[in-house]
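*Asks:* Got a structure for you, questions after.
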Amino acid sequence: MGLKPSSLAGWSLFVLLLFLSAFYVVSGHLLSMPGAWGPRFSIALAEGVAFAGGAILLRVVTKDQGLNRRLRPASRVYTSFTVLTAITAALGLFLLNVGLAHILHESYRGIDSLYPMLSRSADVPPWIVIVTLIVIPAFTQELLLRGTLFPLFEKQGTIAAIVLSTICMPMLYVYPSAAPLVLVIGFLCGLETYYTNSVWPAVLTHLLCRLALYGGDLLYASELFAGRTVIVVAAAIVLFLLFLFSLLRGVEGLLRDGLMEHLEKGPERTSENLWNSFRTLGFLLFLALYITRLVMILLGIWR
């Protein structure tokens, strides 16, 4: 295919968003059902087809472009960095979600904040949630966003790739309520992908972050912890600070040993690199579709 990498990435995002939007419109009646199986497995199937299928298709289309897809395992030297980043991110995301719920005066919404169309009244076995809303999305989304689209955007520089893969990630979700949490996940996963030269640390971080959100759901719904959630949150804060301190010390060691490279700015200034990626027709259509859907959601037209 003769498209430039950034243009191909823009068209991929547009087609992906179009597919996901059409799916949720067509199967809206299924997603509103109170049962456990239909809604969750339909979401997992749609995301699996869209993200994994898109990654495979892009890999075939761009096989001759010499892209660094980062599908190989990360070097062992980054093991501690990867584990500490994943655990710190998971704890931080849980605390961020608790803080958002407190600020907005709402009840805690963990994994449902990413999929608010699902009924909270359904009695869903944990294994169904873990498989459909945690494992499958974490794997397939990172396979496409960091494994395939990230290298395409990286032709405009590492900074552009991290920024674009971060801001595009929440735009692929149906509702804007997912944006604060997904932005954090996307940014950290982008950094990990670059520094470890592998997509698998990003998969681990994404998976643990989703698992932490779902753990909060179980915590706040548990009768055992009724009235004691403050203690758990306080413990999470302490653990977060300990892991964050360890992570910063680890990063300091990697920098001292020259194992973490500086971000590549790209062929031009960062602002120009971003603009060159934004102004492709595919990306403009992706942005227009997202804005249209967002307006429909805010006006109550999209349900």
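Every number in this text was worked out from the coordinates using simple rules, so none of it is lab data. What you see is a predicted model; the values in this text were computed from it and never measured. For neighbour counting, all protein chains shown are included, and Cβ atoms are generated from backbone atoms with ideal geometry for every residue, glycine included.
*Asks:* Quick check for me: using +1 on Lys/Arg Cβ and -1 on Asp/Glu Cβ, what's the dipole size of the range 157-303 about its Cα centre, in debye to the nearest 20?
*Replies:* Using Cβ point charges on Lys, Arg, Asp and Glu, the range 157-303 gives about 360 debye.
*Asks:* Which listed residue (SER177, GLY253, PRO116) has the Cα farthest towards the positive end of the charge dipole for the range 5-298, taking +1 on Lys and Arg C-beta and -1 on Asp and Glu C-beta about the Cα centre?
*Replies:* GLY253
*Asks:* Okay, next question. Can you give the relative contact order of the range 5-298 as a percent, counting alpha carbon pairs under 8 Å and 6+ residues apart?
*Replies:* 34 percent
*Asks:* Moving on. Within the chain, which complete DSSP H helices have Cα atoms spanning at least 27 Å along the helix axis and a mean Kyte-Doolittle hydropathy of 1.0 or higher? Let's see the in-between values first.
*Replies:* Values: long enough: 5-26 (31 Å, 1.82); 79-103 (36 Å, 1.68); 200-221 (32 Å, 0.95); 229-256 (40 Å, 2.12).
Both cut-offs are met by 5-26, 79-103, 229-256.
*Asks:* Assuming R0 = 45 Å, what is the FRET efficiency of GLU264 and ILE231, from their Cβ-Cβ distance, to the nearest 0.05? Working shown, then result.
*Replies:* Working: r = 45 Å, r/R0 = 1.01.
Once rounded, the FRET efficiency stands at 0.50.
*Asks:* Here's something else I'd like to know. Under a point-charge model restricted to the Cβ atoms of Lys and Arg (+1) and Asp and Glu (-1), what is the dipole moment magnitude of the chain relative to its Cα centre, in debye to the nearest 20?
*Replies:* Roughly 400 debye, rounded to the nearest 20.
*Asks:* 222 nm [θ] for the chain, helices only, -39500 (n - 2.57) per DSSP H run of 4+, per residue, to 500?
*Replies:* So the helix-based figure for the chain works out to -21000 deg cm²/dmol.
*Asks:* Okay, moving on. Sorting PHE14, PHE245, PHE139 on the 10 Å Cβ count, fewest up front, what's the list? Could you put the intermediate results ahead of the total?
*Replies:* Working: PHE14 21, PHE245 12, PHE139 18.
So the ranking, lowest neighbour count to highest, is PHE245, PHE139, PHE14.
*Asks:* In a Gaussian network model over the chain where Cα atoms closer than 10 Å are linked, find which of ILE159, ILE134, ILE231 has the largest mean-square fluctuation.
*Replies:* Result for the chain, Cα springs under 10 Å: ILE231 fluctuates most.
*Asks:* Among CYS189, CYS168, CYS209, which comes first, then next, by fewest other beta-carbon atoms within 10 Å?
*Replies:* CYS168, CYS209, CYS189
*Asks:* I would also like to ask the following. Between HIS105 and ASP123, with labels modelled 7 Å along Cα→Cβ, what's the label distance in nm to one decimal, could you check?
*Replies:* Taking the two extended label points, one gets 3.4 nm.
*Asks:* With springs only between Cα atoms under 10 Å, which of LEU71, LEU16, LEU255 fluctuates most in a Gaussian network model of the chain?
*Replies:* LEU255
*Asks:* Rank the residues HIS206, HIS262 as a footprinting-exposure proxy: fewest other Cβ atoms within 10 Å of their Cβ go first.
*Replies:* Least crowded to most crowded, the residues run HIS262, HIS206.
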